[in-house]
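Asker: Just passing along the structure, written as structure tokens.
We did not get these values from a lab; they are worked out from the coordinates using the rules stated. Computed from a predicted structure; not experimentally measured. Don't worry about glycine lacking a Cβ; one is built from the backbone with ideal geometry, like all the others, and counts go over all protein chains shown.
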Amino acid sequence: MKIEIRDPRIESLIERHLASGGYADVEAVVAEALLTLGEREEWLREHGSEVGEKVERALGQFERGECYTAEESRAELTRRKAEWMAERSGRG
């Protein structure tokens, strides 16, 4: 089988991965990409309905105004990060 890459963006991506030294040849890059795609598709088959339910719930919350502003989101993430960092420092 001969495969021809016609999209220069795809060719550039392959070349970048080859240049990284992590892949021996084009076949290794394509194999890794296909294996990863297969894993993602399998995960979506297993969890797709759960993801859909969460998206629907989030959209409902947004429509009802039950959402954070950008500033509130940043503050919440900063608070959670501080808690996480405190927990980590207590372990060591």
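Asker: With the structure loaded, tell me whether GLY22 is under 23 Å from the mean Cα position of the chain (by Cα) and not in a helix (DSSP H, G or I) or whether it fails that test.
Answerer: Judged against the criteria, GLY22 is a match.
Asker: Continuing with this model, one more query. For the stretch 68-77, which residues satisfy the criterion of being of a type outside the set (A, V, I, L, M, F, W, C) and loosely packed, with under 10 Cβ neighbours inside 10 Å?
Answerer: Within the stretch 68-77, THR69, GLU71 meet the criteria.
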